[in-house]
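First the structure, in the form of C-alpha cells, and then the observations on it.
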C-alpha cells in the first residue's frame, strides 16, 4: 500500500509500463486525480506481480476479464499464464493498494476518515456481528470502515474454494491515514512501499521474501 504521490514520483514508473487496453481505460477517466489513482494502483499491481513471478513489470501477463459478459478489459484482474496465482488492486482518494499471491486474493484501501453508509446498505452487505460490534462504540464510524474494507477484500478475492476460507488481515496505516485489508488463502507478507519499489524500476525484479510484523487476521488495530 502506498500513496499515489509516492508511486507516481518513483523513477521509472509511468504509463509506459501499462498494456494498450489499460491505457485506453485510463484515457476514459476524466477526473485527473482519479486518473492518477488508477494509474498508481495499476503500477503497484504490476510491481507486486513482478516480485511474485520474477518477470519484468510489463511482462507479467496482467489482464482482466468480466465473468458476467465474458469480455476482456474489465472485471477481476488475473495473470495470464499463471492460473495458480491471484492478484487484486484498489485505489481511493490518493491511495493505492495491490496484492499478489498463490490462490485467490483481494485487497481494499480506504481513507481512514471515510465513513461508509448509508445504514441500509451496510445492513445488507456487512456481517451482523460486525454491525453489533460497531454499534457498541460511542463512534461506530471507524469500526464500520474496518468492517467495510474487510468485506470488500473478501468480495474481490471471490469464492475461496471447497473446504477453504479466506484469511483476512486488516490494518491501519497511520502515516498515510489509510485502512487496508487483504483476503487470501494464506498469511500475506505485508511489504512497505520501499520493499516493492526499491530503486529505479529494473528489467527484472528480485523475488526474495520480505516479511514484516503484522496484525492477526481480523484484528482491530
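The values are calculated or read from the model by the stated rules, or taken from the named source; none is laboratory data. Predicted, not measured: the structure shown is a model, and the values here were computed from it. FYI the Cβ positions are ideal-geometry reconstructions off the backbone, even for glycines, and counts take in every protein chain you see.
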> Among 179, 210, which is the only one that is under 20 Å from residue 52 (Cα atoms) and either modelled with pLDDT of 60 or more or outside any helix (DSSP H, G or I) (or both)?
Replying inline: 210
> Which residues, counting only those in segment 45-74, are in contact with a helix residue (DSSP H, G or I) (Cβ under 6 Å, 6 or more places away or on another chain) and assigned to a helix (DSSP H, G or I)?
Replying inline: 46, 47, 50, 57, 58
> Quick one: is residue 77 free of Cβ contacts under 8 Å to residues at least 40 places away in the same chain and assigned to a strand (DSSP E or B)?
Replying inline: yes
>> Quick check on segment 155-185: of everything there that is surrounded by fewer than 20 Cβ atoms within 10 Å (Cβ to Cβ) and closer than 21 Å to residue 117 by Cβ, which residue is farthest from the chain's Cα centre (by Cα)?
In response: 177
> Since residue 80 meets every condition but one in (1) over 25 Å from residue 116 (Cα atoms); (2) surrounded by fewer than 20 Cβ atoms within 10 Å (Cβ to Cβ); (3) modelled with pLDDT of 90 or more; (4) out of contact with any strand residue (DSSP E or B) (no Cβ under 6 Å at 6 or more places or on another chain), which condition does it not meet?
Replying inline: (4)
> What residue, among those in segment 94-124 that are within 14 Å of the chain's Cα centre (by Cα) and in a loop (DSSP other than H, G, I, E, B), is farthest from residue 183 (Cα to Cα)?
Replying inline: 94
>> For the condition free of Cβ contacts under 8 Å to residues at least 60 places away in the same chain, part of a helix (DSSP H, G or I) and out of contact with any strand residue (DSSP E or B) (no Cβ under 6 Å at 6 or more places or on another chain), what is the one hit in 138, 160, 142?
In response: 142
> Which number in (1) in contact with a strand residue (DSSP E or B) (Cβ under 6 Å, 6 or more places away or on another chain); (2) within 24 Å of residue 102 (Cα to Cα) marks the one condition that residue 66 misses?
Replying inline: (1)
> Given the conditions (1) more than 22 Å from residue 105 (Cα to Cα); (2) part of a loop (DSSP other than H, G, I, E, B); (3) within 17 Å of the chain's Cα centre (by Cα), which single one is not true for residue 34?
Replying inline: (2)
